[in-house]
Every structure is written in C-alpha cells, then in structure tokens.
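Undergrad: Supplied in structure tokens, the structure appears directly below.
The values are calculated or read from the model by the stated rules, or taken from the named source; none is laboratory data. Quantities reported herein were computed from a predicted structural model and do not represent experimental measurements. Cβ atoms come from the backbone with ideal geometry, glycine included; neighbour counts cover every protein chain shown. For the accessible areas, the whole protein counts, side chains as well, though only heavy atoms, and no ligand, DNA or RNA atoms are used. Shrake-Rupley method; radii C 1.70, N 1.55, O 1.52, S 1.80 Å.
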Amino acid sequence: MRADVLVVGGGLGGVAAALAAARAGRSVVLTEEFDWLGGQLTSQAVPPDEHSWIEQFGATASYRELRDGIRDYYRRHYPLTERSRAWTDLNPGAGWVSRLCHEPRVAVAVLEQMLAPYRGSGRLTVLQPYRPVAAETDGDRVTGVTLAHRDRDDRIEVVAPYVLDATETGELLPLTGTEYVTGFESQAETGEPSAPAQAQPMNMQAVSVCFALDHVDGDHTIDRPAGYDFWRDYKPDFWGDRMLSWRSPHPRTLEIVERSFTPNPDDDPLSVNADQRLNPGDGNLWTFRRIAARRNFVDGAYGSDITLVNWPMIDYFESPVIDVPNASWHLAKARELSYSVLYWLQTEAPRPDGGTGFPGLRLRGDVTGSRDGLAQAPYIRESRRIRAEYTVVEQDLSLAVRGEHGAVSYPDSVGVGMYRIDLHPSTGGDNYIDVGSCPFEIPLGALIPQRMENLLPAGKNIGTTHVTNGSYRLHPVEWNVGEVAGLLADFCLARGESPRAVRGTPRLLAEFTDRVSAAGVQRRWPRIAGY
C-alpha cells in the first residue's frame with residue numbers, strides 16, 4: 001500500500017495525526033493493533049487526565065471537538081435527567097479525576113465520527129488490528145513498514161514519504177534504528193533535580209491493566225487467580241502496608257494514607273468539583289474515576305454507578321515491558337495483579353461496617369470491550385523516547401525551579417499542556433515522584449529526531465525525559481503532539497522541505513507556526529499560576 005502519510009498506532013496521538021493530515025488533503029494509512037481506536041482513552045480505559053482550565057483554554061480546537069462530541073453523544077443517545085442534560089460541563093461519571101469522566105465506548109464512537117468523512121472518501125485507510133513487525137530504511141529515511149495482523153497470518157507493507165510513530169511504546173524506533181532513550185537519564189546528562197546520579201535505562205514507570213466495575217445484588221466473585229497468594233502478601237518497601245490494602249503512599253507527600261471505598265454513594269453529580277488544584281479526588285476510590293454516575297440518568301436506567309479501577313494497587317512495577325525478552329510474560333502478570341485486586345475487593349477488602357469483601361462488585365468487560373473483563377490494552381505511561389533536537393527537562397517547567405517566571409517559553413512552540421510532573425512507582429524501586437508544574441509549551445524540537453529525516457513521533461515518544469514525561473504523557477498533550485506531527489508532514493510535503501529545515505529556517509518556522517495556529521492549536525498560555 002502507498003500513502004502520503006503512514007501513521008502507525010491508533011491512540012489519541014495517532015488519531016489526531018491522521019485527522020490533521022487527512023483534513024489537509026493527504027492520503028493517510030492509520031494502523032492500530034487493538035479493537036478500538038483511541039489508546040489510553042478507550043482500549044486502555046483511562047478517563048481523561050486534564051488540567052484545571054481545560055473548559056476555557058489549553059487544548060487544540062480538534063481536541064475540544066472530541067470533548068464536545070462526547071458530551072453531545074450523551075445528550076443525543078443517553079437517558080439523562082433534565083438537570084444533567086442542561087449541565088453545560090456535563091461530567092457523565094461525576095468522577096473527581098476529570099471534568100469529563102465517561103464510558104470508553106462513547107469516545108470510540110466520537111473518534112469514529114470524526115474520521116468517518118475521510119474513510120468514506122477513501123482518503124483515510126484504517127488497518128485494524130495490525131501492528132508493526134519490521135521496517136526498511138535507506139540511510140536516514142524510512143522507506144517502508146511491514147504490518148502483521150494480530151489474529152491471522154496476514155502482512156501488509158506500507159510505503160509513504162512520511163512515517164509517524166504513534167505507537168504506545170515507540171515500536172518503530174528500534175525497528176528503524178532511530179536513536180532513542182528509555183527509563184531514567186542521569187543528572188549529569190539532564191541536570192534535573194529529580195534525576196539519579198547514574199542513568200537507569202530499565203527504570204520505567206509502572207504499567208496498569210485497568211477494569212470497570214459496578215455494584216449490584218448477588219455474588220459476582222470471580223475464580224481465585226492462580227497468583228493471588230503472592231499478590232495478597234506483596235509488600236513493597238515504600239508502600240507502608242501490603243499493596244492489596246486501602247493504605248498507600250500519598251503521591252505528593254509520600255505520607256502513608258488510608259483511602260476509603262464506598263460503592264454507590266448517594267451523591268449529587270453536579271456537586272463534584274473535579275479540580276486537581278484543590279483536590280486530587282482519590283479519597284473515595286469509588287468516585288475517583290467513576291465513569292457513569294447513576295444519578296445523572298433517569299431512574300432505573302443504571303442499576304449502579306460504574307467505576308474505572310486505575311488505582312495505586314494495580315500498578316505493576318516488577319519489571320519494565322519495553323526492551324525486555326519476556327515482556328508478554330510480565331504483561332500477563334500485570335493482568336493477574338488486576339484480577340487479584342478484584343478478587344481481594346470481592347472477598348477480603350475491609351468494609352466500613354466492619355465486615356470484609358464486596359461480593360456485589362461485578363466486572364464489566366462489556367464496558368471495556370473485552371472478553372476477559374479487563375481493559376483491552378495495558379495502560380502504558382512511559383514510552384521509548386526519541387533522541388531529539390531538543391529534550392524537555394525538569395528545569396523547563398518545574399514550579400519549584402521556575403516559580404513566578406513560569407515555564408520556559410520556546411520560540412518553536414507548537415502547543416501547550418499542563419499537568420503535574422506525575423510519576424508512578426517505577427521498576428527501579430522508586431516511590432512516586434510528584435512535582436508541581438507550570439503551564440508549559442510543546443517545542444517543535446522535541447518532535448524532530450537527531451538523525452532520521454522522515455520519521456516523526458506522534459505520542460509519548462517525543463523528546464522528553466523520564467521526569468518530564470510525567471507531565472507530557474496525558475491525553476490533551478498526546479493529542480496535540482499527534483496533531484502537530486500530522487500538520488508537519490503535510491507542510492513538508494507541500495514545500496519539499498524536511499522537518500529539520502522547518503525548525504531551523506526562521507521563514508519556514510514562522511510559516512509553520514502560523515499554520516499550526518490557523519488549525520486551532522494554542523501555542524502560548526495566558527498568565528496563570530501552576531500547581
């Protein structure tokens with residue numbers, strides 16, 4: 001197959017890249033190895049992690065189109081109460097982690113709607129479920145990528161002048177010989193206050209296999225997982241208790257705190273104020289990432305809330321799953337951990353009334369679109385990252401370092417983002433690293449490999465460090481990165497220039513940033529304080 005732009009990976013960055021290139025008139029091939037497009041928002045089942053100003057500013061126009069589309073979908077198709085239907089900033093799940101907690105299948109529907117005109121016209125071809133298995137290069141250029149079907153013996157080679165790596169783990173980087181980094185860089189290399197003295201390439205953030213639950217009458221206890229005894233007794237040195245308990249470190253203070261768990265509290269959805277500046281929202285784990293609040297819907301529509309389990313106790317940090325020979329084994333163990341957490345919740349978890357176990361908890365694989373009940377894909381927080389022309393470091397955005405001056409403003413900014421530097425426990429035995437951040441920009445230099453000419457990152461594989469990835473890995477930023485990668489491929493094709501030349505030539509950079517702004521990408525923040 002041939003196209004102007006090949007986008008490998010159909011997560012948020014990949015969809016945004018394909019959409020931008022197709023809207024610009026390019027022929028696009030988009031690939032995805034799981035059953036749903038949308039990555040962390042859908043197949044990984046993670047409600048949006050967003051900053052406090054997301055309803056006003058701080059995202060691209062097309063990301064707002066996605067968010068508005070999700071709310072409109074609920075208003076058109078779901079039996080909302082009149083009060084919830086009139087709620088301008090409708091939060092279907094009334095979760096505390098985000099102002100837009102929702103069922104992942106709704107996001108799938110909206111993403112498909114956004115892509116539908118280009119699929120219909122033939123401008124966009126989606127290959128699904130396919131994953132990259134090989135690549136051909138000629139010097140500093142990728143000449144073709146071979147894709148294998150997930151479930152049958154079927155391979156397709158795609159040739160395109162621009163190849164965008166939007167995979168969750170930067171799969172094209174080793175396949176193409178592109179220089180990249182993994183894990184923790186050394187302080188000598190980056191100068192970051194939170195970095196170790198020596199580089200730790202195999203020290204990466206935990207992966208998590210999420211799942212959805214409701215709480216109804218009856219006993220819905222699953223079979224005891226084979227490795228349950230191991231996980232029930234598992235007690236990391238820094239955890240303060242067994243991992244399967246209500247006690248764990250507070251990410252920001254590392255103090256051992258006890259969280260509560262009360263299924264189906266009779267709370268008012270409109271009273272939830274999902275503002276990470278004021279409250280991280282994880283006090284009651286049931287409402288933390290709730291994706292359907294039954295009181296948003298007419299009586300009887302939902303017999304229970306639905307909550308999404310992406311809690312500290314499902315973080316798998318026994319081993320990385322990137323650049324290790326037994327990655328599939330560790331991913332299977334991560335799934336076993338999630339099943340063990342569920343079994344513990346159903347059978348042994350302390351209840352507020354003094355009893356143990358919540359047998360009414362029911363696994364909702366129908367909500368996550370999977371036969372085994374868990375999310376289709378693991379939640380990958382940290383990818384391989386390109387060796388970039390510019391690497392974003394902690395000093396660029398740390399609130400402690402930058403203070404009232406705000407984050408570094410880049411002359412080649414192609415977007416904005418905001419999230420605390422939020423790193424989960426890692427495979428090197430590190431506890432949380434959670435550092436206040438300033439609203440930051442996305443430099444074009446972080447999207448340009450040091451050597452490769454036609455390969456662009458379009459997700460979490462841009463030029464960040466282990467530390468700054470903690471801020472740049474979230475939903476709106478991944479979308480922004482992908483959208484700009486798609487726009488850059490189109491711009492370079494139109495002018496016969498390379499991405500490196502666009503960044504390095506003032507006239508071309510000015511033209512491109514004007515193009516980015518015209519597409520609705522916000523490049524600068526108003527003056528606001530970080531948190």
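Undergrad: Anything in the range 230-269 that is in contact with a helix residue (DSSP H, G or I) (Cβ under 6 Å, 6 or more places away or on another chain) and farther than 24 Å from Tyr343 by Cβ? List them, or say none. First the steps, then the outcome.
TA: Quick first cut of the range 230-269, residues in contact with a helix residue (DSSP H, G or I) (Cβ under 6 Å, 6 or more places away or on another chain) only: 231, 243-244, 248, 259, 261-263, 269.
Passing the criteria: only Pro269.
Undergrad: In the range 1-45, how many residues are of a type in the set (Asp, Glu) and over 27 Å from Ala212 (Cβ atoms)?
TA: Going through the range 1-45, the residues of a type in the set (Asp, Glu) turn out to be 4, 32-33, 35.
Cutting the leftovers down to over 27 Å from Ala212 (Cβ atoms) gives us 4.
Qualifying residue count for the region: 1.
Undergrad: Of the residues Ala16, Ala24, Ala20, which is surrounded by fewer than 24 Cβ atoms within 10 Å (Cβ to Cβ), of a type outside the set (Phe, Trp, Tyr) and either within 22 Å of Cys492 (Cβ to Cβ) or at pLDDT below 95 (or both)?
TA: After ruling out the rest, the residue left standing is Ala24.
Undergrad: Could you list, in sequence order, all residues of the range 80-120 that are within 18 Å of Ala17 (Cβ to Cβ) and of a type in the set (Gly, Ala, Ser)?
TA: Those that are within 18 Å of Ala17 (Cβ to Cβ) and of a type in the set (Gly, Ala, Ser): Ala107, Ala116.
Undergrad: Same structure again: If you check Asn279 against the conditions, is it touching a residue at least 60 places away in the same chain (Cβ under 8 Å) and not hydrophobic (A, V, I, L, M, F, W, C)? Can you show your working first?
TA: Details: touching a residue at least 60 places away in the same chain (Cβ under 8 Å): yes; not hydrophobic (A, V, I, L, M, F, W, C): yes.
Yes; evaluated as a whole, the condition is true for this residue.
Undergrad: Answer yes if at least one residue in the range 393-403 is without any contact (Cβ under 8 Å) to a residue 24 or more places away in the chain and surrounded by fewer than 22 Cβ atoms within 10 Å (Cβ to Cβ), and no otherwise.
TA: Of all residues in the range 393-403, those without any contact (Cβ under 8 Å) to a residue 24 or more places away in the chain come to 403.
After this cut, where a residue has to be surrounded by fewer than 22 Cβ atoms within 10 Å (Cβ to Cβ) as well, the list is 403.
Checked against the condition, which is being without any contact (Cβ under 8 Å) to a residue 24 or more places away in the chain and surrounded by fewer than 22 Cβ atoms within 10 Å (Cβ to Cβ), the range 393-403 yields at least one hit.
Undergrad: Taking the range 402-432 on its own, how many of its residues are of a type outside the set (Asp, Glu), within 18 Å of the chain's Cα centre (by Cα) and part of a strand (DSSP E or B)?
TA: The total comes to 6.
Undergrad: Identify all residues within the range 316-338 that are part of a loop (DSSP other than H, G, I, E, B) and open to solvent by 50 Å² or more (accessible area, probe 1.4 Å); write none if there are none.
TA: Residues of the range 316-338 part of a loop (DSSP other than H, G, I, E, B): 317-326.
If the condition is that a residue be part of a loop (DSSP other than H, G, I, E, B) and open to solvent by 50 Å² or more (accessible area, probe 1.4 Å), then Glu318, Asp323, Pro325, Asn326 are the ones that fit.
Undergrad: Hand me the list of strands (runs of 3 or more DSSP E) wholly inside the range 67-168 holding 3 or more residues that are β-branched (Val, Ile, Thr) and surrounded by fewer than 14 Cβ atoms within 10 Å (Cβ to Cβ).
TA: Details: elements: 124-127, 130-138, 141-149, 155-158, 162-165.
In the range 67-168, no matching strands (runs of 3 or more DSSP E) lie anywhere.
Undergrad: Select, from Trp286, Trp344, the only residue that is touching a strand residue (DSSP E or B) at 6+ places or on another chain (Cβ under 9 Å), open to solvent by less than 50 Å² (accessible area, probe 1.4 Å) and not in a loop (DSSP other than H, G, I, E, B).
TA: Working: Trp344 fails: touching a strand residue (DSSP E or B) at 6+ places or on another chain (Cβ under 9 Å).
Just one listed residue meets the conditions, Trp286.
Undergrad: Shifting gears a bit: Does the range 82-91 contain any residue that is under 21 Å from the mean Cα position of the chain (by Cα), in contact (Cβ under 8 Å) with a residue 12 or more places away in the chain and closer than 30 Å to Thr125 by Cβ?
TA: Let us first name the residues in the range 82-91 that are under 21 Å from the mean Cα position of the chain (by Cα), namely 91.
If we keep only those that are in contact (Cβ under 8 Å) with a residue 12 or more places away in the chain as well, we get 91.
Narrowing the set further to residues that are closer than 30 Å to Thr125 by Cβ leaves none.
Within the range 82-91, not a single residue is under 21 Å from the mean Cα position of the chain (by Cα), in contact (Cβ under 8 Å) with a residue 12 or more places away in the chain and closer than 30 Å to Thr125 by Cβ.
Undergrad: Could you go through the range 470-490 and let me know if any residue there is outside any helix (DSSP H, G or I), polar (S, T, N, Q), over 17 Å from Thr167 (Cβ atoms) and open to solvent by less than 10 Å² (accessible area, probe 1.4 Å).
TA: Quick first cut of the range 470-490, residues outside any helix (DSSP H, G or I) only: 473-474.
Among the residues that remain, those that are also polar (S, T, N, Q) are: none.
Within the range 470-490 (the criterion being outside any helix (DSSP H, G or I), polar (S, T, N, Q), over 17 Å from Thr167 (Cβ atoms) and open to solvent by less than 10 Å² (accessible area, probe 1.4 Å)), the answer is no, since none of the residues qualifies.
Undergrad: I've got another one for you. If a residue has to be out of contact with any Ser or Thr (no Cβ under 7 Å at 6 or more places or on another chain) and touching a residue at least 24 places away in the same chain (Cβ under 8 Å) to count, how many in the range 352-361 make the cut?
TA: 3
Undergrad: Continuing with this model, one more query. Part of a loop (DSSP other than H, G, I, E, B) and over 27 Å from Trp87 (Cα atoms): which single residue out of Phe34, Phe57 fits that description? Outline the logic, then answer.
TA: Details: Phe57 fails: over 27 Å from Trp87 (Cα atoms).
Among Phe34, Phe57, only Phe34 is part of a loop (DSSP other than H, G, I, E, B) and over 27 Å from Trp87 (Cα atoms).
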